[in-house]
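Written out below as structure tokens is the structure these notes cover.
The values are calculated or read from the model by the stated rules, or taken from the named source; none is laboratory data. This is a predicted model, so every value here is computed, not measured. Every residue, glycine among them, receives a Cβ derived from its backbone with ideal geometry; neighbour counts consider all protein chains shown.
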Ligand SMILES: NC(=O)c1ccc[n+]([C@@H]2O[C@H](COP(=O)([O-])OP(=O)(O)OC[C@H]3O[C@@H](n4cnc5c(N)ncnc54)[C@H](OP(=O)(O)O)[C@@H]3O)[C@@H](O)[C@H]2O)c1
């Protein structure tokens with residue numbers, strides 16, 4: 001039986017990846033900072049992992065000593081460990097780059113056969129964003145490590161699209177620009193299949209989006225329709241959003257990164273090769289159901 005380490009196992013995609021490896025017969029070790037979250041499903045319906053992982057390794061990858069031996073005895077490593085919200089202690093360089101590098105060093109020490117990492121679709125077009133630089137700096141280390149690897153590059157996750165549902169529910173929708181740019185976001189369960197396929201296949205770089213292409217306006221309308229509301233909508237012009245993003249750089253680097261990312265994707269289509277079957281409307285309906 002093959003053994004895998006999943007880092008980022010308490011996050012949106014990590015939980016689905018634990019589940020997908022388990023479904024395919026792997027023995028799974030989950031790296032986490034604490035076991036507090038394992039019994040509950042995640043906030044976007046992603047599964048609880050207490051009954052899915054075979055072993056829990058408690059350690060903080062930003063501190064190398066706390067993860068010593070984390071890869072011992074495993075064949076493969078998967079990491080979706082990353083900073084997705086403001087963290088007033090660490091920078092994205094500390095987490096996306098250094099923490100993943102600490103895991104990679106453990107994988108090399110333990111002579112694992114492959115490392116699968118989640119970066120971002122179109123990263124090369126967004127290198128002005130620190131968080132993207134940190135992801136790609138790690139990808140460079142991974143490529144240079146000599147270890148077999150795969151980098152999965154997804155578009156947005158359904159968990160991010162849930163923000164539209166929250167705004168619609170609160171009766172206030174906020175849109176950047178005309179909302180006419182298109183993307184094909186992906187469900188965590190569909191992306192997890194791609195990640196485990198990547199662990200088992202030969203490709204080193206995999207771009208992945210979901211099965212439906214939607215404009216941001218269509219996503220907003222869909223969210224409003226699902227919660228049966230007509231939210232008051234503010235369309236913030238991109239030039240103004242860019243000005244605000246520039247101001248955030250002196251307040252907090254993580255908020256600045258998020259603002260810069262949002263303005264960047266609002267200016268261009270983000271469409272990756274389509275995968276999976278899950279549709280955003282069904283996800284919104286499920287989310288609206290549990291939030292009633
Ligand atoms: N969201 C998107 O649309 C999108 C699109 C493309 C790529 N990505 C990338 O995909 C990756 C996973 O995204 P996700 O939505 O699954 O993220 P998530 O739900 O926020 O999960 C992030 C994981 O990383 C861990 N983590 C965060 N900060 C940490 C720190 N300082 N030290 C140790 N562990 C830490 C979290 O652990 P705790 O539970 O302990 O906090 C969690 O397990 C990220 O790298 C993200 O940049 C996301």
* What tally of residues in region 254-292 results from selecting those that are buried (at least 18 other Cβ atoms within 10 Å of the Cβ) and more than 25 Å from residue 206 (Cα to Cα)? -> 5
* Could you look through region 60-71, keep only residues that are in a loop (DSSP other than H, G, I, E, B) and over 30 Å from residue 251 (Cα atoms), and pick out the one that is nearest to the ligand (Cβ to nearest atom)? => 70
* If a residue has to be surrounded by 15 or more Cβ atoms within 10 Å (Cβ to Cβ) and touching a strand residue (DSSP E or B) at 6+ places or on another chain (Cβ under 7 Å) to count, how many in region 200-216 make the cut? -> 10
* Conditions (1) within 12 Å of the ligand (Cβ to nearest atom); (2) in contact (Cβ under 8 Å) with a residue 40 or more places away in the chain; (3) in a loop (DSSP other than H, G, I, E, B); number of the one not met by residue 74 -> (1)
* **Any helices (runs of 4 or more DSSP H) falling wholly within region 81-199 and containing at least 2 residues that are within 13 Å of the ligand (Cβ to nearest atom), surrounded by fewer than 21 Cβ atoms within 10 Å (Cβ to Cβ) and within 17 Å of the chain's Cα centre (by Cα)** => 130-144, 158-169
* Asked: Do the conditions hold for residue 22, that is, is it in a loop (DSSP other than H, G, I, E, B), modelled with pLDDT of 95 or more and out of contact with any helix residue (DSSP H, G or I) (no Cβ under 9 Å at 6 or more places or on another chain)?
  -> no
* To do: Answer with yes or no whether residue 10 is within 22 Å of residue 191 (Cβ to Cβ), in contact with a strand residue (DSSP E or B) (Cβ under 7 Å, 6 or more places away or on another chain) and within 14 Å of the ligand (Cβ to nearest atom).
  => yes
* To do: Tell me, please, whether a residue that is under 23 Å from residue 91 (Cα atoms) and within 13 Å of the ligand (Cβ to nearest atom) can be found in region 43-59.
  => yes
* Does region 30-40 contain at least one residue that is within 9 Å of the ligand (Cβ to nearest atom) and either within 21 Å of residue 163 (Cα to Cα) or assigned to a loop (DSSP other than H, G, I, E, B) (or both)? -> yes
* Structure fact -> Of the listed residues (73, 11), the one being loosely packed, with under 14 Cβ neighbours inside 10 Å and in the same structural domain as residue 110 (by TED's automatic domain parsing) is 73
* Tally the residues that are out of contact with any helix residue (DSSP H, G or I) (no Cβ under 7 Å at 6 or more places or on another chain), free of Cβ contacts under 8 Å to residues at least 60 places away in the same chain and part of a loop (DSSP other than H, G, I, E, B), restricting the search to region 42-59. => 4
* Do we have any residue at all in region 243-250 that's surrounded by fewer than 21 Cβ atoms within 10 Å (Cβ to Cβ), more than 22 Å from the chain's Cα centre (by Cα) and not in a helix (DSSP H, G or I)? -> yes
